[in-house]
Amino acid sequence: QVQLVESGGGLVQAGGSLRVYCAASGRTSRTYVMGWFRQAPGKEREFVAAIDLSGVLKNYAPSATSRFIISRGNAKNMVYLQMNSLKPEDTAVYYCAATPGGISRQLDVWPYWGQGTQVTVSS
(Lines give C-alpha, C1' and ligand atoms only; values in the text may rest on other atoms or scores of the structure.)
Protein backbone atom coordinates (compact mmCIF):
# COMPACT_ATOMS: atom_id res chain seq x y z
CA GLN A 1 0.00 0.00 0.00
CA VAL A 2 1.02 3.56 -0.68
CA GLN A 3 -0.29 6.53 1.27
CA LEU A 4 -0.25 9.98 -0.30
CA VAL A 5 -0.71 13.29 1.50
CA GLU A 6 -0.95 16.59 -0.36
CA SER A 7 -0.30 20.04 1.04
CA GLY A 8 0.45 23.56 -0.11
CA GLY A 9 -2.84 24.54 -1.71
CA GLY A 10 -4.43 27.90 -1.09
CA LEU A 11 -5.73 31.11 -2.57
CA VAL A 12 -3.67 33.06 -5.09
CA GLN A 13 -4.35 35.89 -7.51
CA ALA A 14 -4.31 35.35 -11.25
CA GLY A 15 -0.78 35.54 -12.57
CA GLY A 16 0.68 34.35 -9.31
CA SER A 17 2.49 31.16 -8.36
CA LEU A 18 1.85 28.32 -5.97
CA ARG A 19 3.62 25.10 -5.12
CA VAL A 20 1.81 21.98 -4.00
CA TYR A 21 3.48 19.05 -2.33
CA CYS A 22 2.86 15.34 -2.07
CA ALA A 23 4.44 13.04 0.48
CA ALA A 24 4.33 9.33 -0.27
CA SER A 25 4.78 6.65 2.35
CA GLY A 26 4.70 2.91 2.24
CA ARG A 27 7.21 0.17 1.69
CA THR A 28 7.61 0.65 -2.06
CA SER A 29 6.52 4.26 -2.46
CA ARG A 30 9.91 5.33 -3.74
CA THR A 31 9.56 3.02 -6.74
CA TYR A 32 6.30 4.44 -8.04
CA VAL A 33 5.61 6.80 -10.89
CA MET A 34 3.95 9.90 -9.45
CA GLY A 35 1.44 12.28 -10.94
CA TRP A 36 -0.87 15.21 -10.36
CA PHE A 37 -4.49 15.41 -11.39
CA ARG A 38 -7.13 18.05 -10.74
CA GLN A 39 -10.88 18.29 -10.51
CA ALA A 40 -12.83 21.51 -10.87
CA PRO A 41 -16.41 21.83 -9.60
CA GLY A 42 -18.81 20.09 -11.95
CA LYS A 43 -16.02 18.67 -14.09
CA GLU A 44 -14.28 15.34 -14.40
CA ARG A 45 -10.91 14.72 -12.85
CA GLU A 46 -8.15 15.38 -15.38
CA PHE A 47 -4.48 14.70 -15.80
CA VAL A 48 -2.05 17.54 -15.10
CA ALA A 49 1.48 16.12 -15.00
CA ALA A 50 3.47 13.00 -14.19
CA ILE A 51 7.08 12.08 -13.49
CA ASP A 52 8.96 8.80 -13.70
CA LEU A 53 11.15 7.12 -11.09
CA SER A 54 14.33 8.87 -12.17
CA GLY A 55 12.73 12.29 -12.24
CA VAL A 56 13.91 12.80 -15.81
CA LEU A 57 10.90 11.72 -17.86
CA LYS A 58 7.95 14.06 -17.44
CA ASN A 59 4.62 14.46 -19.14
CA TYR A 60 2.30 17.44 -19.03
CA ALA A 61 -1.24 18.17 -20.08
CA PRO A 62 -1.43 20.93 -22.72
CA SER A 63 -2.95 23.26 -20.13
CA ALA A 64 0.10 22.79 -17.89
CA THR A 65 2.89 22.87 -20.44
CA SER A 66 5.16 25.92 -20.06
CA ARG A 67 3.44 27.03 -16.82
CA PHE A 68 3.73 24.07 -14.45
CA ILE A 69 6.79 22.10 -13.40
CA ILE A 70 6.66 18.68 -11.77
CA SER A 71 9.68 17.49 -9.83
CA ARG A 72 10.70 14.80 -7.43
CA GLY A 73 12.73 14.99 -4.27
CA ASN A 74 16.08 13.24 -3.92
CA ALA A 75 14.53 10.67 -1.61
CA LYS A 76 11.96 9.96 -4.36
CA ASN A 77 9.06 9.90 -1.94
CA MET A 78 8.23 13.59 -2.40
CA VAL A 79 6.75 15.10 -5.53
CA TYR A 80 6.14 18.76 -6.17
CA LEU A 81 4.07 20.76 -8.63
CA GLN A 82 5.24 24.31 -9.18
CA MET A 83 2.44 26.29 -10.78
CA ASN A 84 3.21 29.64 -12.40
CA SER A 85 1.14 32.19 -14.28
CA LEU A 86 -1.96 30.80 -12.65
CA LYS A 87 -5.37 31.44 -14.21
CA PRO A 88 -8.85 31.32 -12.68
CA GLU A 89 -9.51 28.19 -14.74
CA ASP A 90 -6.75 26.44 -12.78
CA THR A 91 -9.03 26.52 -9.75
CA ALA A 92 -9.58 22.92 -8.66
CA VAL A 93 -8.81 20.30 -6.09
CA TYR A 94 -5.37 18.95 -6.94
CA TYR A 95 -4.75 15.26 -6.31
CA CYS A 96 -1.49 13.39 -6.07
CA ALA A 97 -1.46 9.87 -7.49
CA ALA A 98 0.94 6.96 -7.70
CA THR A 99 1.22 3.97 -9.97
CA PRO A 100 3.61 1.02 -10.26
CA GLY A 101 3.20 1.21 -14.02
CA GLY A 102 4.44 3.76 -16.50
CA ILE A 103 3.37 7.34 -17.03
CA SER A 104 -0.21 7.54 -18.23
CA ARG A 105 -2.88 10.22 -18.54
CA GLN A 106 -5.62 7.69 -17.89
CA LEU A 107 -7.09 7.81 -14.40
CA ASP A 108 -7.88 4.11 -14.15
CA VAL A 109 -4.21 3.04 -14.19
CA TRP A 110 -3.43 5.04 -11.06
CA PRO A 111 -4.41 2.91 -8.04
CA TYR A 112 -3.27 5.24 -5.25
CA TRP A 113 -4.66 8.69 -4.54
CA GLY A 114 -4.30 11.38 -1.93
CA GLN A 115 -7.17 13.31 -0.40
CA GLY A 116 -6.52 16.41 -2.49
CA THR A 117 -5.61 20.02 -1.80
CA GLN A 118 -7.68 23.01 -2.88
CA VAL A 119 -6.16 25.58 -5.21
CA THR A 120 -8.20 28.71 -5.84
CA VAL A 121 -7.13 31.38 -8.31
CA SER A 122 -8.94 34.67 -8.07
CA SER A 123 -9.36 37.03 -11.02
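Just read off the accessible area of MET83 with the full protein assembly in place, 1.4 Å probe, to the nearest 10 Å². Number for this one is 0 Å².
Accessible area of SER66 (1.4 Å probe, protein heavy atoms only, ligands and nucleic acids ignored): about 110 Å². Packing order of peptides 113-119, 55-61, 94-100, highest average first: 94-100, 113-119, 55-61 (average count of other Cβ atoms within 10 Å over each peptide's residues).
Across region 106-123, computed HN-Hα scalar couplings (Karplus, 6.51 cos²θ - 1.76 cosθ + 1.60, θ = phi - 60°) run 8, 5, 6, 9, 10, x, 10, 9, x, 8, x, 9, 7, 10, 10, 10, 8, 8 Hz from first to last residue, x flagging Gly and Pro. The 3J(HN,Hα) values that the Karplus relation (6.51, -1.76, 1.60; θ = phi - 60°) gives for region 82-97 are, in residue order, 8, 10, 10, 6, 5, 10, x, 6, 7, 4, 4, 8, 9, 10, 8, 9 Hz. Gly and Pro appear as x. In the chain, the portion of solvent-accessible area held by carbon and sulfur atoms comes to 51 percent [1.4 Å probe, whole percent, DNA, RNA and ligands not counted]. Taking the Kirkwood radius as Rh and the Cα radius of gyration as Rg, the chain has a ratio of Rg/Rh equal to 0.94. Of interest is the spacing of the C-alpha centroids, which for region 12-38 and region 82-104 amounts to 7 Å. Taking every DSSP beta bridge that has both ends in the chain, the antiparallel portion is near 90%. For TYR112, nonlocal amide neighbours, meaning residues 5 or more places apart or on other chains whose placed amide H falls under 5 Å from its own, are ALA98. In order along region 42-47, phi translates into HN-Hα couplings of x, 10, 6, 5, 9, 5 Hz, rounded to whole numbers, per the Karplus curve 6.51 cos²θ - 1.76 cosθ + 1.60 with θ = phi - 60° and x for Gly and Pro.
Put ARG105, ARG27, ARG19, ARG45 in order of accessible area, highest first, and with a 1.4 Å probe you get ARG27, ARG105, ARG19, ARG45. The alpha-carbon of LYS43 sits under 18 angstrom from the alpha-carbons of these aspartates and glutamates, leaving out residues fewer than 8 places away in its chain: GLU89, ASP90, ASP108. Computed over protein heavy atoms with a 1.4 Å probe, the accessible surface of the chain works out to 50 Å² per residue.
The values are calculated or read from the model by the stated rules, or taken from the named source; none is laboratory data. The shown structure was predicted, so the numbers you read here are calculated from the model rather than taken from an experiment. Methodologically, a virtual Cβ is constructed for each residue, glycine included, from the backbone with ideal geometry; neighbour enumeration extends over all protein chains shown. We work out accessible area using only protein heavy atoms, side chains counted, and drop any ligands, DNA or RNA first. Shrake-Rupley method; radii C 1.70, N 1.55, O 1.52, S 1.80 Å.
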